[in-house]
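Notes to accompany the following structure.
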Amino acid sequence: MPPRISPSPPYDLAIAGGGLAGGLVALALAKLKPELNITLIEAEDQFGGNHIWSFFESDVEPEHRWLVDPLISRQWDRYDVHFPKYSRTLGNGYYSIESQNLDRELRKRLPAEAVKTGQKVAKVEPGLVQLSEGGKIPAKAVLDARGGGDISALDTGWQKFCGQMLRLKEPHGLDRPVVMDATVEQIDGYRFVYCLPFSDTEIFVEDTYYADTAALDTATSHSRIAEYAAARGWEIEMVISEEKGHLPVIYGGNFETFWKDNRGVDARAGARAALIQPITSYSLPMAVRTAVMIAEMPEITQSKLDKILRDLAMQHWKDGKFYRLLCAFLFLGADPEKRYKTLEHSYAKSEPLLARFYAGKSTWMDKISLLTGKPPIPVSRAIRLLLNFR
């Protein structure tokens with residue numbers, strides 16, 4: 001008998017995880033590599049979950065804006081910050097994306113057979129995605145874009161948040177976002193309120209903490225949002241939607257151990273590869289860069305995808321060393337109720353410096369500037385942390 005020939009895998013690429021990172025890869029490939037047969041696998045019934053993702057204009061390269069522009073819900077040319085010592089209006093543009101836009105675009109641009117929602121991934125390995133209910137999806141290459149993973153090898157604090165989209169009885173009076181209002185009572189670490197005006201009477205208000213633990217009392221956060229609204233004379237007509245979550249803020253750890261602890265494939269994106277902004281834990285800028293990089297590959301194979309994404313994650317970790325130092329100042333150097341002073345110190349710097357800071361492109365002069373002036377933490381702690389990060 002002639003040897004039995006195994007059928008070719010049905011997909012050129014299987015993407016495990018239909019959140020922001022995986023969804024942007026799928027959209028980029030649909031645009032630049034429409035000939036590829038891809039599939040996007042998501043545990044929930046909707047891609048992207050229930051989130052609002054935001055980014056600064058300086059975060060995304062102009063030549064990559066084609067990927068995110070169709071997803072944007074609102075955009076503003078300025079934003080405000082408020083601290084006990086001062087308030088500032090900054091000219092860096094600010095953009096917000098609602099997760100339903102990601103879900104809509106994916107369903108519009110991908111073939112129906114490529115869309116797999118409500119299917120939880122149990123395991124990924126080269127050439128195969130195994131589902132929790134026992135199904136298997138073979139592919140020539142596999143990308144792991146699931147969130148979370150084992151972060152025990154990393155030293156982290158947490159950015160945790162609870163937000164509500166409010167419809168008010170009267171206009172709120174804001175024409176631009178308040179990215180940080182740290183004039184509120186400082187509780188459980190660095191606390192601030194975040195406001196996005198989506199219309200004259202609709203505003204997203206988020207109660208946010210840079211805390212030592214991820215635990216968050218949703219009911220308490222909701223009451224604090226109501227108190228914040230009342231203090232500004234906003235009468236709430238109804239709560240349109242809600243979201244909550246927590247993101248690791250990485251200030252140290254062992255990258256090699258982190259990588260080994262998350263077995264499967266080296267082709268990883270998003271939080272699975274620690275491809276997040278070290279200060280804010282924003283994932284969108286690196287998700288855009290990763291998606292375009294993959295879509296521009298001349299040929300996508302497992303080995304090539306593994307190498308390019310492993311190298312990207314390692315370089316991002318090396319580039320983030322200074323930002324992890326600043327996070328260490330925040331979580332290890334400052335008393336919890338005085339953590340706001342670290343951000344208050346940073347936001348007093350020039351607008352171009354702040355734009356490069358959020359984009360992860362700080363120059364050496366930027367870094368020197370951020371470390372000069374009256375220290376926002378005790379000098380003895382700052383020296384110890386500087387020596388540790390030398």
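The values are calculated or read from the model by the stated rules, or taken from the named source; none is laboratory data. In this text, all values refer to a predicted model and were calculated from it rather than measured experimentally. Neighbour counts run over all protein chains shown; Cβ positions are idealised from the backbone, glycine included. Accessible surface areas use protein heavy atoms only, side chains included; no ligands, DNA or RNA. Shrake-Rupley method; radii C 1.70, N 1.55, O 1.52, S 1.80 Å.
Annotation: amide H of F204 within the under-5 Å range of L166, L196, F198, sequence separation 5 or more or interchain, hydrogens built in the peptide plane. Annotation: for a label point projected 7 angstrom from Cα along Cα→Cβ of L174, residues of region 220-236 with backbone N closer than 18 Å are 221-236. Here the label points at K108 and K304, each 7 Å from Cα along the C-beta direction, are separated by 3.0 nm in the simple model.
Suppose R0 equals 22 Å; then what is the FRET efficiency for A153 and E61 from their Cβ-Cβ distance, rounded to the nearest 0.05? Numbers along the way, then the final one.
On the way: r = 31 Å, r/R0 = 1.40.
After rounding to 0.05, the efficiency reads 0.10.
Net length available on complete extension from T372 to E202 is 57.2 nm, with 0.36 nm assigned per residue and the Cα-Cα distance removed.
Whenever you get a sec, compute what percent of the accessible area on the chain sits on carbon and sulfur atoms (1.4 Å probe). Write down the numbers at each step before the final one.
On the way: 9020 of 17530 Å².
That fraction is 51 percent.
Comparing S96, S241, S346 in a Gaussian network model of the chain where C-alpha atoms under 10 Å apart are linked, the largest mean-square fluctuation is found at S241.
Sequence-distant contacts, meaning Cα pairs under 8 Å at least 6 residues apart, place the relative contact order of the chain at 19 percent. If r is the Cβ-Cβ distance from A348 to K321 and R0 is 35 Å, what FRET efficiency results, to the nearest 0.05? According to the calculation, E is roughly 0.90. The Rg/Rh ratio for the chain, using Cα coordinates for both the radius of gyration and the Kirkwood hydrodynamic radius, is 0.98. The length gained by stretching the chain between D311 and K33 to full extension, at 0.36 nm per residue less their Cα-Cα distance, is 97.8 nm. For a straight C-alpha distance cut-off of 13 angstrom, the aspartates and glutamates reachable from K120 (same-chain residues fewer than eight places away being disregarded) are E42, E44, D45, E133, D144. Considering only C-alpha atoms, what is the centroid distance from region 186-204 to region 40-73, in Å? If you average the Cα positions of each part, the centres end up 20 Å apart.
For region 97-114, putting each phi into the Karplus relation 6.51 cos²θ - 1.76 cosθ + 1.60 with θ = phi - 60° gives couplings of 10, 8, 4, 5, 5, 5, 4, 4, 5, 5, 5, 7, 9, 9, x, 4, 6, 7 Hz, in residue order, rounded to whole numbers and with x for Gly and Pro. A simple rule links phi to the HN-Hα coupling: the Karplus curve 6.51 cos²θ - 1.76 cosθ + 1.60 with θ = phi - 60°, which for region 158-165 gives 9, 9, 10, 8, 9, x, 9, 8 Hz, with x for Gly and Pro. Projected onto its three principal axes, the C-alpha set of region 136-263 covers 54, 36, 26 Å, listed from the longest axis down.
3J(HN,Hα) along region 30-35: 4, 7, 9, 9, x, 6 Hz, from the Karplus curve 6.51 cos²θ - 1.76 cosθ + 1.60 with θ = phi - 60°, whole Hz, x for Gly and Pro. For the residue pairs K140/K307; K260/K321; K123/K307; K116/K136; K108/K307, the alpha carbons lie more than 24 Å apart in K108/K307. List every residue whose amide H lies under 5 Å from the amide H of H51, counting only residues 5 or more places away in sequence or on a different chain, with H placed 1.01 Å from N in the peptide plane. Residues meeting the criterion, in which the H sits 1.01 Å from N, are S99, Q100. Only DSSP H runs of four or more residues enter the estimate; each adds -39500 (n - 2.57), and after division by the residues of the chain the mean residue ellipticity at 222 nm equals -9000 deg cm²/dmol.
Projecting the Cα atoms of I276, P70, A328 onto the charge dipole of the chain (Cβ charges, centred on the Cα centre) puts A328 farthest toward the positive pole.
Beta-bridge orientation, the chain: approximately 80 percent antiparallel, per DSSP, counting only bridges with both partners inside.
Using the 1.4 Å probe convention, the accessible area of the chain works out to 45 Å² per residue with neighbouring protein chains retained. Legend: P(r) of region 163-231 from all alpha carbon pair distances, 10 Å bins from 0, whole percents, reading 20, 55, 22, 3.
In region 38-110, the ratio of gyration radius to Kirkwood radius, Rg to Rh, stands at 1.09 when only Cα atoms are counted.
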